[in-house]
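As structure tokens, the structure follows; a few thoughts come after it.
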Amino acid sequence: MSHEWHRPLENHWIRLSTFTFLAVIVGGVCLLIPPFFLQGTIEPLTNLRPYSSLELEGRDIYIREGCNTCHSQQVRPFKTETDRYGPFSLAGEGIYDRPFLWGSRRTGPDLARVGKKYPDSWHWLHFKNPRDIEPRSNMPEFAFLTETVLDTSLSSAKLSALRMLGHPYTDDEIRNAPGDAERAAGGIAASIRGAGIVLDATEARSEAVAVIAYLQSLGHAVREDDVAMTGTR
Amino acid sequence: MSSEGEVVQYDMQVVRGFAISALVWGIVGMTVGLLAAIQLAWPEANAGPWLHFGRIRPLHTNAVIFGFTLGVVFAGSYYGIQRLCRVRMFSDTLSRLNLWGWNAIIVSAAVSLLAGKTTSKEYAELEWPIDIAIAVVWIIYAINVFGTLARRRERQMYAAIWFWIATIITIAMLHIVNSMELPVSWMKSYSLYAGVYDANVQWWYGHNAVGFLLTTPILGLMYYFLPKQVDRPIYSHRLSILHFWSLICIYIWAGPHHLIYSPLPDWTQTFGTAFSIMLILPSWGGMLNGFLTMQGAWDRVRTDPILKMFAVGLTFYGMSTFEGPMMAIKTVNSLSHFTNWTIGHVHSGALGWVALTCFATLYYMIPRLWHTQLYSVRLANTHFWIATLGLLLYVTPMWISGVTQGLMWRAVNPDGSLAYTFIESVSAIRVYDVIRAVGGAVFLSGAFVMFYNVIMTIRQGSAAAPEPSLAATPAVAGGR
Ligand code: HEM
Ligand code: HEM
């Protein structure tokens with residue numbers, strides 16, 4: 001029979017398994033190893049800074065609630081996308097993103113450039129009930145985020161874990177992470193109150209405030225980097 | 001050592017366990033999918049921290065992929081491997097650990113995902129302690145299978161076994177590499193990879209999870225159970241060889257088609273497109289081998305619900321493996337990416353190919369596992385028609401909705417400004433979200449019909465019936 005040549009594989013499970021492993025490892029090595037070394041050649045944007053402790057807590061809540069299941073954070077290099085969202089995404093933006101949050105679905109709009117697009121108070125009301133702001137929105141309401149006090153007990157541990165992975169946090173930043181987060185939350189609460197919204201003590205220190213801090217940080221490096229703004233990088 | 005023709009006691013306990021758990025997780029997972037579909041159409045259906053779309057969606061994908069699909073794969077491979085090797089599984093203890101360990105993992109997945117413990121990486125959401133448990137149970141499964149192969153009494157290993165071996169090896173590799181994370185607490189970790197590189201690793205994993213959880217092990221089921229059900233050998237052994245090796249060699253390269261027009265280096269994206277297009281051939285090779293095996297038995301397809309499910313399953317396998325490569329072309333992907341087109345593609349593969357093939361496998365095994373006949377062939381036929389209707393009601397509106405979204409996002413006025421706001425695209429597709437929810441409800445009701453049929457079958461049968469079966473030469477081997 002013409003397929004006799006294959007017998008040595010069909011008849012020996014170790015041989016068959018070894019060849020199978022070889023077949024899949026080649027593609028794995030070729031797709032994972034070169035980009036790993038190319039990583040070093042990615043230039044971080046000049047204005048890119050690691051997340052502050054409050055932003056990081058906000059990012060972790062964004063992950064916890066699965067915001068990424070509906071919102072992408074990756075602007076593609078088409079005029080219709082850059083017109084709608086802002087400058088397209090660059091490799092150098094992501095070096096502090098663990099994990100990356102590009103997403104695969106746009107049930108809601110892209111958020112990579114949402115920072116500073118709306119005032120803090122807009123986000124506050126939007127979490128309370130998205131349909132108060134946009135009646136046609138199908139986003140769930142996240143009022144519970146505004147009613148839960150942010151837990152910062154892990155903040156220092158988070159920063160120091162990230163430092164192990166190369167994020168440039170100082171000893172002071174790690175030690176003061178919970179305090180810094182509270183101070184920054186106070187600033188955001190003040191800005192929401194400034195818009196005429198009454199916040200009680202819980203709301204002013206709520207998880208929603210942390211998520212707002214994170215959202216407002218999105219795209220900061222591109223926003224502050226004129227070179228990147230022109231898209232020539 | 002026992003000699004030819006001697007009575008072999010196969011371990012069917014583990015198969016029964018996985019068959020039932022798969023069916024239960026299938027119903028749970030699809031109910032949760034239906035809830036997600038309802039939430040997209042009616043946002044009022046979101047509730048509090050535990051039951052909103054963001055937490056429900058990963059629960060849906062984990063339950064249907066790891067609970068349902070893999071459950072059927074465990075059941076089918078334990079069933080097939082023992083018969084193809086004509087020997088009992090290597091270790092009953094490992095089989096039990098596999099069954100209970102895996103189901104414990106799915107329970108912990110359900111609880112932890114609803115509690116918001118997630119890494120956010122699609123199909124790899126579970127946090128590090130569960131990742132470790134998955135690796136352990138997977139290795140248990142591997143030892144059990146390889147141990148059985150080492151002791152087998154049938155020299156030649158049939159194609160179904162190759163596909164299951166490829167699944168075991170590749171998933172181990174993917175899972176371990178993609179789950180590398182630094183724990184911060186017992187349910188929180190940070191990826192060892194960042195940004196673009198993290199995306200690269202994740203979609204190398206994500207795409208091949210599709211390839212080696214939703215494709216190769218399902219092909220293994222098709223290769224074993226389809227020839228059994230038509231009672232003739234697989235059409236072409238040579239085609240099996242060709243398409244097996246080309247499929248696994250090519251699949252592993254195609255991951256970057258999930259990251260087209262992203263900051264990932266261009267050359268990797270080009271690889272992703274090129275290898276995706278090449279994938280049509282091995283994929284269709286598998287589909288043809290299945291169809292041609294049914295050649296001459298088409299009259300039975302009209303009456304036999306199992307064959308009907310295999311036939312429609314293969315049809316959707318062919319369709320989604322043609323559609324996928326098209327979506328991997330840059331210009332097409334620029335329209336389809338981020339839209340419901342992807343969701344349509346996913347479910348034409350997941351409902352059409354994966355779920356129908358899994359249903360067919362369960363319908364084949366369950367009467368045999370409980371030593372009886374299927375309670376009602378008519379109900380199984382009803383299930384087939386309900387499932388097909390539900391599938392079409394799900395997939396068709398998603399295609400239309402995806403193209404609508406894609407076109408609206410890129411539409412410009414004569415002066416070059418954007419023609420639509422984002423929210424206009426949201427309202428434009430709402431009607432399709434509603435139809436999809438109806439389709440999902442129909443598909444799910446089919447699963448309930450099956451559940452009833454299975455319960456009645458089990459009640460009229462008995463697990464305790466004498467299990468020895470004459471070790472006959474596997475009818476599935478051979479072919480041209
Ligand atoms: C009653 C049946 C089902 C319903 C109603 C349903 C519904 C849904 C919904 C609403 C989503 C989210 C879509 C979005 O984010 O826009 C989804 C995603 C998904 N479903 Fe299902 N589903 C069903 C069955 C299945 C089955 C049987 C499988 C697999 C075997 C499956 C696999 C998936 C996957 C992989 C995704 C994620 C897709 C992506 O990330 O692109 N589903 N499903
Ligand atoms: C030749 C075979 C196939 C190719 C080349 C292919 C290609 C693709 C492409 C290009 C995407 C869209 C990526 C994006 O724009 O985000 C995609 C998504 C997807 N495909 Fe396929 N596909 C194939 C077969 C299948 C089959 C048989 C299934 C079985 C269920 C499947 C399941 C999925 C899933 C789950 C996703 C969504 C991933 C996510 O975004 O979460 N594919 N595929």
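The values are calculated or read from the model by the stated rules, or taken from the named source; none is laboratory data. As the structure is a computational prediction, the values presented were derived from the model and not from experiment. We place every Cβ from the backbone using ideal geometry, glycine too, and count neighbours over all the protein chains shown. The area values use the complete protein model at the heavy-atom level, side chains included, leaving out ligands, DNA and RNA. Shrake-Rupley method; radii C 1.70, N 1.55, O 1.52, S 1.80 Å.
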Quiz item: Quick one: in chain A, what % of C-alpha pairs are over 28 Å apart?
Solution: 43 percent
Practice problem: Measure nothing but the geometry: give the 0 to 90° angle between the long axis through the Cα atoms of B:216-230 and the longest principal axis through the Cα atoms of chain B, rounded to 10°. | Solution: 50 degrees
Self-check item: Cut-off 16 Å, label 7 Å out along Cα→Cβ of A:Phe19, residues of the stretch B:212-256 by amide N
Solution: B:237-250
Quiz item: What accessible area, summed over both chains, is buried at the A-B interface (1.4 Å probe, Å², nearest 100)?
Solution: 7600 Å²
Exercise. Starting from the amide H of A:Ser206, placed 1.01 Å from N in the peptide plane, find each other amide H under 5 Å away whose residue is 5 or more places distant or on another chain.
Key: A:Leu150
Exercise. Identify the chymotrypsin sites (Phe, Trp or Tyr not before Pro) of the stretch B:150-212 meeting these criteria: DSSP loop state and at most 12 other C-beta atoms within 10 Å of the C-beta.
Key: B:Trp186
Self-check item: Degrees between helix B:237-251 axis and first principal axis of chain B (Cα, 0 to 90, nearest 10)
Solution: 40 degrees
Quiz item: Say the dipole of the protein assembly as shown comes from +1 at the beta carbon of Lys and Arg and -1 at that of Asp and Glu; which of B:Ile27, B:Asn413, B:Phe448 then lies farthest toward its positive end?
Solution: B:Phe448
Quiz item: Around B:Tyr190, which amide H atoms from residues at least 5 apart in sequence, or from another chain, sit under 5 Å from its own amide H, with H modelled in the peptide plane?
Solution: B:Leu182, B:Val184
Quiz item: Hey, which of these cross-link pairs are over 27 Å Cα-Cα: A:Lys128/B:Lys117; A:Lys79/A:Lys117; A:Lys117/B:Lys330; A:Lys158/B:Lys117?
Solution: A:Lys117/B:Lys330
Quiz prompt | Residue-averaged beta-carbon neighbours from other chains (10 angstrom radius) around B:251-257 | solution = 4
Practice problem: Mind putting a number on the dipole of the protein assembly as shown about its Cα centre? Charges go on the C-beta only, +1 for Lys and Arg and -1 for Asp and Glu, and I need it in Debye to the nearest 20. | Solution: 2100 debye
Quiz item: Quick one: Karplus J couplings for the stretch A:67-74, per residue in order, coefficients 6.51, -1.76, 1.60, θ = phi - 60°, nearest Hz, x for Gly and Pro?
Solution: 4, 5, 6, 10, 10, 7, 9, 7
Quiz item: How much accessible area per residue does chain B have, in Å², with a 1.4 Å probe?
Solution: 34 Å²
Self-check item: Inter-chain Cβ neighbour average for residues B:84-95, partner chain, 10 Å
Solution: 0
Self-check item: Derived scalar couplings ³J(HN,Hα) [the stretch A:8-13; Karplus, 6.51 cos²θ - 1.76 cosθ + 1.60; whole Hz; x for Gly, Pro]
Solution: x, 7, 5, 9, 10, 5
Self-check item: Gyration tensor verdict on the stretch A:90-198 (Cα atoms; rounded if a/c is under 1.5, prolate if a/b is larger than b/c, oblate otherwise)
Solution: oblate
Quiz prompt | Among A:Glu203, A:Glu141, A:Glu93: highest mean-square fluctuation, GNM of chain A, C-alpha pairs under 10 Å | solution = A:Glu141
Quiz item: Each residue of the stretch B:410-418 in turn: what ³J(HN,Hα) in whole Hz from Karplus with 6.51, -1.76, 1.60 and θ = phi - 60°, glycine and Pro shown as x?
Solution: 9, 5, 10, 6, x, 7, x, 7, 5
Quiz item: Measuring from label point to label point, each 7 Å out along Cα→Cβ, what is the A:Asp151 to B:Leu51 span in nm?
Solution: 2.3 nm
Quiz prompt | Neighbour-limited loop hits for trypsin sites (Lys or Arg not before Pro), the stretch B:102-198 (at most 15 other Cβ within 10 Å; DSSP other than H, G, I, E, B) | solution = B:Arg151, B:Arg153, B:Arg155
Exercise. Would you mind getting me the FRET efficiency between B:Thr303 and A:Asp200? Use the beta-carbon distance for r and R0 = 60 Å, nearest 0.05.
Key: 0.30
Exercise. For chain B, find the longest principal axis of its Cα atoms and tell me its angle to the long axis of helix B:128-150, 0 to 90°, nearest 10.
Key: 30 degrees
Quiz prompt | Residues of the stretch B:148-165 with amide N under 16 Å of a point placed 7 Å along Cα→Cβ from B:Arg88 | solution = B:148-149, B:151-153
Self-check item: B:Ala464 paired with B:Ile132, simple spin-label distance in nm, labels 7 Å along Cα-to-beta-carbon
Solution: 4.2 nm
Quiz item: Which value, in Å³ per residue, describes the convex hull spanned by the Cα atoms of chain B?
Solution: 149 Å³
Quiz item: Given a 1.4 Å probe and every protein chain left where it sits, what share in percent of the accessible area of chain B is carbon and sulfur?
Solution: 70 percent
Quiz prompt | Neighbour cut-off at most 12 other Cβ (10 Å), DSSP loop, trypsin sites (Lys or Arg not before Pro), the stretch B:264-333 | solution = B:Arg302
Exercise. Could I have the simple spin-label model distance between B:Arg238 and B:Leu182, label points 7 Å from Cα toward Cβ, reported in nm to one decimal?
Key: 5.6 nm
